[in-house]
Each structure stands twice: as structure tokens, then as C-alpha cells.
Amino acid sequence: MRRRTPPPPSPLPQCDGVDPVRVRLPPGDTWATVRDHLVARLAAGAGVIDGMLDEGRVVDVTGRPVTRDTAYVPGMFVWFHRDLPDEEHVPFPIEVVYRDEHVVVADKPHFLATTPRGSHVAETALARLRRQLGIPALGAAHRLDRLTAGLVLFTVRPDERGAYQTLFRDRRVAKEYEAVAPHDPALVLPRTVRSRIVKERGVPAAYEVEGEPNAESRVELLEHRDGRARYRLTPATGQTHQLRVHMSALGVPILGDPLYPVVTGPVAVGDFRRPLQLLARVLEFTDPVTGLEHRFVSPRVLEAWSSYEEWAG
């Protein structure tokens, strides 16, 4: 099999822990200039693109600014830093649980996205850790939902990232989650839930359909009091929102969930009350580079269990 040629390194440094955008000019297109292609390809608009070009913010592989008249060359790469959105600061720290020369394991708080996406760019776990630890090459081996707290594995060396990502792809990472949800005395636990989950692009909530199961979760009751319960959730697969969908389907939706069983609308910017009571508690795996056996446990306590009135208020 022919290996893909890796793209050239960026001539631009990171900005606030965020990588520059890289654009490759498609070989099949025949635009007259790079500018014409960027205007057609990007949603920013001609005025914004022209402003970036005039300010020298778009560069080629040598770091030389691209002008309005730079000819379109199929296969050419250009880089630029996007204008970062105004982001609300997530007022919770991200704690480093473990660090060596290969990996960083961090305990992500609720409301903080794992990696840059959409309106969350600099206020993400990845960008924050790059700044906090001084590791520009840090990369994420997997992701947690923005609303879910807990353990995330990051890689220090780009050439090793694929080995750690493969662990998750091949389901060689043992993961345990913890959730706080209503207690139903009639619900027989432990049990394994299997279903087929579909997540459509642009639709906030996933849903179950008939068909061959693609999602499997083990649900166990740890303890209960005052109508609430603490559950251990062990996913065997990694479908989007899988644990949230399965808990809702059992009639015990996770506390603080804005999507399941009913979509309640987006949470207002800056509203950090009532975080989703879902925590990635345990990560366990054999390090593919060092061979070490790792087991990491988050010390975080879900607030709706430890102090429900404060969480609900």
C-alpha cells in the first residue's frame, strides 16, 4: 500500500495554544489566484479574506505572505490563524493526574471541550494544557463530550499519537464512568444494555433505532439515597452520547442532561450551574510505547451526590 506523504510543517507558530489552519489547494481546481479559491471555499467572505491577505496573515510553506495576486498552484499549502471567537472562560481548573515523556493524563472539568471545535477553540482542554505545560506538540488521543468531566489521555510526541489512538479504536482501553441519576427500585441491575444508536449531523440528540446493535453498556447500581443513585457505567463501544442514551432509555436519565430524554435548548453562555452528572472515572491500558500497565482514577466527586442542594440551586 502506498503511504500518504505527510503535509509539510507549519511555518506559523501556535497562537494561544491553537494551531494555525492549514489549507491544501485541490489539484483538480483551476482558480486564477489563491485568493479566489479561499473566498469560494471559506465562509468568512471576500472582505475578511482580502483583509487577511493585505495584513500578511496568510503564508505559504516558506512563511512568505500570500497576496491577492498570488497564482493558484494545485497541491499548494497555505496557513493562517483564524480570528478566535469571543469565548466565555470556563472557571474550573484542569488537573494533571499523570505525566511522563510520552503521555499526559488530565482530569477535565465539566463545560470544557476536549479539542478545538466550533465556538470552542482557546477554551479547550488541549489548548489550555499546551499553554499550562509548555508542550506545543501535545495532542488528544481521544475525546470526552464538553459536558462530561473526567480523564482524558493526551500524547506528547506527534509520531506516537497514532499508537495511543489505536488503543481506543481497537477497544484496548478499559473505561469506567460514574453517573448520578434517579433511583428506580423496579429497575433490575446490573444489566447490559445493547441497542443501535444513530447520531445525525446537525441534530443535537442521538436516538435508538431498530437493527443490529452498535452500542453496548454495562450499568451497575453502586448506592442510593433520597431518590437518587450513583451508577457505574462501563461502555464496551463508543457511540456518541451512548451512556446518556442508554440511561435515558432505562428511565433514569443522568441528572443535568440537557438532551435526554428531552432537548431543553442550549445552556446560556456563562451558565455553569447544574453540570451533567457524568464522570469518566477510570482509564486502564497497557502503554503501547513503554509496555507499562496504567490504571488512572479520577478523584473528582459528582456534586449532585455529595451536595445535591448546592448542585440543584
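The values are calculated or read from the model by the stated rules, or taken from the named source; none is laboratory data. Quantities reported herein were computed from a predicted structural model and do not represent experimental measurements. Here the Cβ positions follow ideal geometry from the backbone for every residue, glycine too, while neighbour counts run over all protein chains shown. Please note that ligands, DNA and RNA were not included when accessible areas were found on the heavy atoms of the full protein model with its side chains. Shrake-Rupley method; radii C 1.70, N 1.55, O 1.52, S 1.80 Å.
Output the residues belonging to the stretch 175-206 that are in contact (Cβ under 8 Å) with a residue 60 or more places away in the chain and either among the acidic types (Asp, Glu) or open to solvent by 70 Å² or more (accessible area, probe 1.4 Å) (or both). Walk me through it before giving the result.
Residues of the stretch 175-206 in contact (Cβ under 8 Å) with a residue 60 or more places away in the chain: 175-184, 187.
Residues satisfying the conditions are 176, 178, 184.
Candidates are the residues of the stretch 17-64 that are open to solvent by less than 40 Å² (accessible area, probe 1.4 Å), small (Gly, Ala, Ser) and assigned to a loop (DSSP other than H, G, I, E, B); the one that is modelled with the lowest pLDDT is 45. Selection within the stretch 83-137: residues that are within 21 Å of residue 295 (Cα to Cα) and in a loop (DSSP other than H, G, I, E, B). The member of this set that is most open to solvent (accessible area, probe 1.4 Å) is 101.
Of the strands (runs of 3 or more DSSP E) lying entirely inside the stretch 146-259, those containing at least 1 residues that are acidic (Asp, Glu) are 174-182, 207-209, 215-225. Mind checking which residues of the stretch 97-124 are charged (D, E, K, R), at pLDDT 95 or above and within 15 Å of the chain's Cα centre (by Cα)? Selection gives 107, 108.
So which residues in the stretch 236-252 are open to solvent by 10 Å² or more (accessible area, probe 1.4 Å) and farther than 17 Å from residue 196 by Cβ, if there are any at all? Matches in the stretch 236-252: 251 only. Criterion applied to 233, 255, 259, 221 was being over 24 Å from the mean Cα position of the chain (by Cα) and surrounded by 12 or more Cβ atoms within 10 Å (Cβ to Cβ), and the one residue passing it is 221. For residue 265, the conditions (1) of a type outside the set (Ser, Thr, Tyr); (2) within 26 Å of residue 216 (Cβ to Cβ); (3) outside any helix (DSSP H, G or I) are fulfilled apart from (2).
Could you list all residues from the stretch 165-205 that are closer than 30 Å to residue 307 by Cα and touching a His at 6+ places or on another chain (Cβ under 8 Å)? Steps first, answer last, please.
Start the filter on the stretch 165-205 by keeping residues that are closer than 30 Å to residue 307 by Cα, which leaves 174-193, 204-205.
Matches in the stretch 165-205: 183, 193, 205.
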